[in-house]
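J.: Pasting in a structure now, in structure tokens, and then I'll have a few things to ask.
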Amino acid sequence: MKKLALLFFALLLTISVSAQQKKNFAGATAAAGLTKQETVEATAINKEKTTQIKAIRKQQLAKDVEKEKIKEVKKAASNKIKKIVGKEKFKAMNAYWKKK
């Protein structure tokens, strides 16, 4: 009986964890209602940002220097995306990330 209860509890826990929504960049672009062209350009900028961040992390810099460089890359990418999609759609993308 204990094994059955334990198995049921594990199954319930697994289902609840896997049911959580996973957020990604494609979901953010869909939530903001971007056009195909805007989505392609924003995705390209996001991929570029990701590769730059990986390159910075491979350099094995001091934590504070690494954090500052990553912050600069993220800020530059955000500004580029904001230029492409506009303020309102950019706010909608940010709202997607803040939802729980």
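J.: Among the listed residues 47, 83, 69, identify the single one that is farther than 19 Å from residue 29 by Cβ and either free of Cβ contacts under 8 Å to residues at least 40 places away in the same chain or surrounded by 12 or more Cβ atoms within 10 Å (Cβ to Cβ) (or both).
T.: It is 69.
J.: While we're looking at this one, here's another question. Select from segment 74-100 the residues that are of a type in the set (A, V, I, L, M) and out of contact with any Lys or Arg (no Cβ under 6 Å at 6 or more places or on another chain) and list them in ascending order.
T.: 76, 81, 84, 85, 92, 93, 95, listed by residue number.
J.: Oh, and also: Go through segment 86-100 and report how many residues are loosely packed, with under 12 Cβ neighbours inside 10 Å, in a helix (DSSP H, G or I) and of a type in the set (D, E, K, R).
T.: 3
J.: Taking the conditions exactly as written (charged (D, E, K, R), free of Cβ contacts under 8 Å to residues at least 40 places away in the same chain and over 27 Å from residue 33 (Cβ atoms)), does residue 98 satisfy them or not?
T.: no
Just so you know, all these numbers are worked out from the coordinates, no wet-lab data involved. Everything numeric in this text was worked out from a predicted model, so none of it was measured. With ideal geometry, Cβ positions are generated from the backbone for all residues, glycine too; neighbour counts draw on all protein chains shown.
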